[in-house]
Each structure stands twice: as C-alpha cells, then as structure tokens.
Amino acid sequence: YHARETGANYSLYDPTHDPHNPRRLALMAELRQAIENDQLQLHYQPKIALATGGMIGAEALLRWQHPKTGMIPPDQFIRSAENTGLIKPLTDWVLGTGLRQCSEALASGALRHLAINISARSLHDLRFPNLVGKFLKASGIAPEKLMLEVTESAFMVDLQRTVETLAVLSHMGILISIDDFGTGFSSLNYIKKLPVNEIKIDKSFVSDMTSNENDLSIVRSIIELGHNLGLKVVAEGVENKATLDSLAALGCDYCQGYYISRPLPHERFKDWPGHASGKT
Ligand code: C2E
Ligand code: MG
Ligand code: MG
Ligand code: MG
C-alpha cells in the first residue's frame, strides 16, 4: 500500500533497524531501563532571531548516557523506539522533563518557547493532543509556549490522520514547526492544509550554502516559499559567520547551529548569554 511504501523509502536496509536484529533487541531492552533509571538527558539548543541576535526559543534534544558505551545519539535509537512502541514512554519523558526544566524560564519570558521533536508515530495517535494537554496543565505552561517539531515523514505515512492531530494541537494554541524541511520527498500539498507556524530548512542544504550554488538556490527558494505562505523560516546547522550573514541577507527569520551554540545540558543552558536577561 502506496502511502506506506513512500513513507518507508528513506529507510534502506539498515541492520540496526531490523526488528529481528539481536543487537537492536538488546538496545531496546536497555532503553526501557534507561527511561526508568534516569540515564536520559535533554540538551537545549538556542534558536535566535537573525535580525537581533536574541534568543527566541530553544529546541530540546535527547541524549542517552549509556553506562557502558557512553553517549548514544538519538539517530541511533529513535527509529527503533518508534518500531517497538518505546517511543510512547520516551516522548512522555521528554515532554515531562522539558516542560519541568524550562517552566521557570518560560513563565518569566526569558524563554519564549520550547521546541520538542515529535515522532510521526505520536501524530498518528488521536489521543496524543490530550496527552500533551495533560503535560501542559501539570506544568502550568501556556500552550503558546510549546512548539512541536514534526517531520514530513508523518504526512507521507498517514496524511489524513496527521492533519487531524495537528489541527487539534494547533487549536489548543500549540505551535507547529516542520522540521528537516525539503528532505521528505513529499508533495507540498499538506502544507496548505495545515496550521503550521514555522518551517525549518534542513541542515543538509544550509551547511554548504555559501560554497554550493544549488544549495543556495534551495535555501533561497524555501525562504521565499515560507514567507509567501505567511510562515516563519528557520535555518538549522549554521556553523560559521559566512552562513549566518548569507541567511540574514536572504531574509531568513531565525537560525540554530554550532556557530551560535551547541545543544547544552540544562545547567549550562540556564546561563547561556541573553537567556537570563530575557532580551530578544
Ligand atoms: P533534528 O530535530 O533535525 O535536530 C537537529 C540535529 O542537528 C541535532 O542532532 C543537533 O544536535 C544537530 N545540530 C545542531 N546544530 C548543528 C550544526 O551546526 N551542525 C551540525 N552538523 N549539526 C547540528 P541530534 O541531537 O543528534 O538529533 C538528531 C535527530 O534526532 C533530531 O534531528 C531529531 O529528529 C531526533 N531527536 C532528537 N531528540 C528527540 C526527541 O526528544 N524525540 C524525538 N522523537 N526525536 C528526537
Ligand atoms: Mg528538530
Ligand atoms: Mg532538523
Ligand atoms: Mg533531523
């Protein structure tokens, strides 16, 4: 069935994602433990406005500190977690922890919004908005201060369901960002059906945009498309000043990247320049 085939075509065979791979099974058993035993952390990466340099938000990024093998990056376990149902407790943990750690900064306005990455799986679950609502209520944070980053793959697997779920979330006041924009091979059809606030240009286009004409054209086109649709445009993966300047010249609204700040553990993020001052 066509929609699923399209959705799956970004995952060419990869043994670590084979459901019967013993290493993967062991890893998932350990992840289950990690969720329970506090081996997970969130790092926070500032998102700044290109016009002012002020922080307008931050993205929470999951880190797994494995007692034996050290830090395991999310790309190595998120997809397996999606396929084994572990994504549900994982997402619960991220929402709970992120909102709790940032509640003070969000309440004071030092942080305007917290962005959390949401897997396609969660968006196919019609109960998901309810769950998010519970976390917001428990933390006392206004829905307008939570942004959910979703990738195009969600639309490719089940457009109808994803649109429905996002419509409810948006109606609640939650902000929606389309992450890794331009990498999903999907039609742009979904974007006009959706209450999206922001699109995020994938770092694969951003990282070489100052040396590669094609990448520059793609970045320019996405900015124009986003603005024509009335959306804010964010560039991710900004690693040097030349890229930052080029994005500013193109009228991109916001950016994120190592040049501004790496994702930081909460303790360090709290002291990140501009955060305490609340200036934007
Ligand atoms: P993403 O949401 O597109 O996040 C951007 C990735 O780029 C992050 O990798 C970030 O650390 C990295 N990055 C930021 N600035 C730069 C830069 O200047 N240069 C380069 N080369 N990389 C940069 P990370 O943290 O390894 O996360 C990878 C992906 O894992 C994320 O991509 C997201 O799709 C997923 N992910 C992370 N945390 C969560 C989570 O809590 N839940 C879910 N469902 N997915 C998550
Ligand atoms: Mg993201
Ligand atoms: Mg991204
Ligand atoms: Mg990504």
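The values are calculated or read from the model by the stated rules, or taken from the named source; none is laboratory data. Note that this is a predicted model, so its numbers are computed, not measured. Glycine also receives a Cβ, built like all others from the backbone with ideal geometry; neighbour counts cover every protein chain displayed. Areas reflect the complete protein model, heavy atoms only, side chains present, ligands, DNA and RNA absent. Shrake-Rupley method; radii C 1.70, N 1.55, O 1.52, S 1.80 Å.
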I need to check one value: relative contact order of the chain, counting alpha carbon pairs closer than 8 Å and at least 6 residues apart, in percent. 19
Here the residues of segment 210-245 lying in the modelled label zone of TYR259, meaning backbone nitrogen under 12 Å from a point 7 Å along Cα-to-Cβ, are 210-211, 235-245
Based on the alpha-carbon gyration tensor of the chain and its eigenvalue square roots a ≥ b ≥ c, which shape applies: rounded if a/c is under 1.5, prolate if not and a/b is larger than b/c, or oblate? rounded
Sparse-neighbourhood loop hits (trypsin sites (Lys or Arg not before Pro), segment 57-93; DSSP loop; Cβ within 10 Å at most 13 others) -> LYS68
For each pair in LYS192/LYS232; LYS68/LYS270; LYS193/LYS232; LYS47/LYS232; LYS203/LYS241, compute the distance between the two Cα atoms and list the pairs where it is over 20 Å. LYS68/LYS270
Which lysines have a Cα lying under 17 Å from the Cα of LYS137, excluding residues fewer than 8 positions away in the same chain? LYS145
Over the chain, with every protein chain in place, what whole percent of the accessible area is carbon and sulfur at 1.4 Å, could you tell me? 52
Cα-based shape type of segment 130-175, given that a ≥ b ≥ c are square roots of the gyration tensor eigenvalues and the cut on a/c is 1.5: prolate
Write down the accessible area per residue of the chain in Å², having rolled a 1.4 Å probe over the full set of protein chains. 49
Kindly identify segment 75-201 as rounded, prolate or oblate by the Cα gyration tensor criterion: order the square roots of the eigenvalues as a ≥ b ≥ c, call it rounded if a/c is under 1.5, otherwise compare a/b with b/c, prolate if a/b is larger, else oblate. prolate
